[in-house]
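Below are the structure tokens for one structure; questions will follow.
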Amino acid sequence: MIDFEEVEHTADIALRICGRDLSELLVNAALGLGMLLADSADMPTDVVQTRQVEVQAFDPESLLVGWLSELVYWAEKDRFVCHKVEVQEISSTHIKAACTGSCVPELRHHIKAVTYHNLQIVQTDRGLQTTVVFDV
């Protein structure tokens, strides 16, 4: 289930992200970030890479910020945008995953930071939900 949407936020960009569990929430967060960074039409299909990422944190919110921060780093450093995620290990404080994507010619947005602004992962009747604010 892909479930994310861009939401209005003054001077920054925000994504509301949902998932049945933490694994799906983190995957949808990565895919939502990819949508913010590049149009799918701009994603080269001839040069696809898979990169390993592993993040350790002290709680689920910090895990989400660390996870997205690693993906933002790749985007800013190499213009690498992830369009597929395979979670290999997951707990409330750790994720290990393979991220598949491409280096795009140009980023739609340059994200300075993934913030903790009002960040809270909450349980809903559909699963987990959060809103992440990106400093641009």
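Please identify the pairs in which a residue from the stretch 78-96 that is within 20 Å of Ala41 (Cβ to Cβ) has its Cβ atom under 9 Å from the Cβ atom of a residue that is surrounded by fewer than 13 Cβ atoms within 10 Å (Cβ to Cβ), counting only partners at least 6 apart or on another chain.
Arg79/Pro105; Arg79/Glu106; His83/Ser40; Lys84/Thr50
With the structure loaded, tell me whether Lys112 is charged (D, E, K, R), in contact with a strand residue (DSSP E or B) (Cβ under 6 Å, 6 or more places away or on another chain), exposed (fewer than 13 other Cβ atoms within 10 Å of the Cβ) and closer than 21 Å to Asp12 by Cα or whether it fails that test.
Spelling it out, Lys112 is indeed charged (D, E, K, R), in contact with a strand residue (DSSP E or B) (Cβ under 6 Å, 6 or more places away or on another chain), exposed (fewer than 13 other Cβ atoms within 10 Å of the Cβ) and closer than 21 Å to Asp12 by Cα.
Next question. Give me the residue from the stretch 81-109 that is assigned to a strand (DSSP E or B) and of a type in the set (S, T, N, Q) and, out of that set, surrounded by the most Cβ atoms within 10 Å (Cβ to Cβ).
Applying the filter and picking the extreme gives Ser102.
Still on this structure, I have one more. Which one is surrounded by the fewest Cβ atoms within 10 Å (Cβ to Cβ) among residues in the stretch 116-127 that are part of a loop (DSSP other than H, G, I, E, B) and touching a helix residue (DSSP H, G or I) at 6+ places or on another chain (Cβ under 8 Å)?
Gln120
Checking Arg108 against (1) out of contact with any Ser or Thr (no Cβ under 9 Å at 6 or more places or on another chain); (2) farther than 19 Å from Gln56 by Cβ; (3) free of Cβ contacts under 8 Å to residues at least 40 places away in the same chain, which test does it fail?
With (1) out of contact with any Ser or Thr (no Cβ under 9 Å at 6 or more places or on another chain); (2) farther than 19 Å from Gln56 by Cβ; (3) free of Cβ contacts under 8 Å to residues at least 40 places away in the same chain applied to Arg108, the lone miss is (3).
Values in this text are rule-based calculations from the coordinates and carry no lab data. Not measured: the values here are computed from a predicted model. Cβ coordinates were reconstructed from backbone atoms using ideal geometry, including for glycine residues, and neighbour counts include every protein chain displayed.
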